[in-house]
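To start, the structure itself, in structure tokens.
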Amino acid sequence: MSMRSILLHPDPRLKAVAKPVTVLDDALRSLAEDMLETMYDAPGIGLAAPQVGVLSRLIVMDCVKDDREPPRPIVLVNPEIVWSSEETAPYEEGCLSIPDHFADVTRPREVEVIWTDLDGNAQRERFDGLWAVCVQHEIDHLNGKLFIDYLGPIKRGVITRKMEKLKRDLAREKPAPKGHEAARL
Ligand code: K1U
Ligand code: ZN
């Protein structure tokens, strides 16, 4: 298993529509393991393949927040929402690709999702609560949509400009190559 870097907004790969997965092979299983490790390390409750630069329809989630409960990592290949409740609910969302920014997004309170698991079995589940918020947020990533796309243009613009500055600052802070540490002091 290895950690993957999480892309930061704005990045064209976060705006792209991801391609369906057609082969369930070791490379896909290894990507799913890496995504889970990256998600837990962040820490986060979900992660979509485009966030690690892979434009495939694959997401991972574990929305168990209570340390006394066993973890429930799930890997969803080609997930699709087949039913959404009429009832909606707001939730203050975050995103690992837009760190330190949060905003209320209103979405259907419950959704039913079908997907394929890593063994090729068809799965179907109704999600509610945080799981429903998370699975909708992650499937949005597969369609090139971010939670800030639900906000008005002014709020979205403010967040995007702050993220552009963060990325410029991070690019400047890049560690110097080995043997050049003194040059940064
Ligand atoms: O897709 C992502 O960017 C991951 C994102 C998922 C998400 C969070 C909140 C609402 C909807 C979807 C995150 O995991 S952000 C981090 C986070 O919410 C969290 C981190 C640690 C403990 C609990 C939550
Ligand atoms: Zn996100």
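The values are calculated or read from the model by the stated rules, or taken from the named source; none is laboratory data. Keep in mind that what you see is a predicted model, and the values were worked out from it rather than measured. Because the Cβ atoms are built from the backbone with ideal geometry, glycine has one as well, and the counts that use them run over all protein chains shown.
Here are some notes:
- Looking across Lys167, Lys178, Lys155, one residue alone is modelled with pLDDT under 95 and either away from ligand 1 (no atom under 12 Å from the Cβ) or closer than 14 Å to Ile98 by Cα (or both). It is Lys178.
- Residues of the range 11-36 satisfying the condition of being under 14 Å from Leu96 (Cα atoms) and either touching a Phe, Trp or Tyr at 6+ places or on another chain (Cβ under 8 Å) or in a helix (DSSP H, G or I) (or both): Leu14, Met35, Leu36
- Considering Asp104, Asp117, Asp66, the condition of being touching a strand residue (DSSP E or B) at 6+ places or on another chain (Cβ under 7 Å) and more than 16 Å from ligand 2 (Cβ to nearest atom) is satisfied by Asp117 alone.
- Within the range 129-144, if we keep just the residues that are among the β-branched types (Val, Ile, Thr) and over 9 Å from the mean Cα position of the chain (by Cα), the residue that is nearest to ligand 1 (Cβ to nearest atom) turns out to be Val133.
- Answer residue from the range 113-128, given it is among the acidic types (Asp, Glu) and over 19 Å from the mean Cα position of the chain (by Cα) and is surrounded by the most Cβ atoms within 10 Å (Cβ to Cβ) among those: Glu125
- The number of residues in the range 151-160 that are of a type outside the set (A, V, I, L, M, F, W, C), assigned to a helix (DSSP H, G or I) and closer than 21 Å to Pro90 by Cβ comes to 3.
- Thr88 being surrounded by fewer than 15 Cβ atoms within 10 Å (Cβ to Cβ), at pLDDT 95 or above, among the hydroxyl-bearing types (Ser, Thr, Tyr) and in contact with a strand residue (DSSP E or B) (Cβ under 8 Å, 6 or more places away or on another chain): yes
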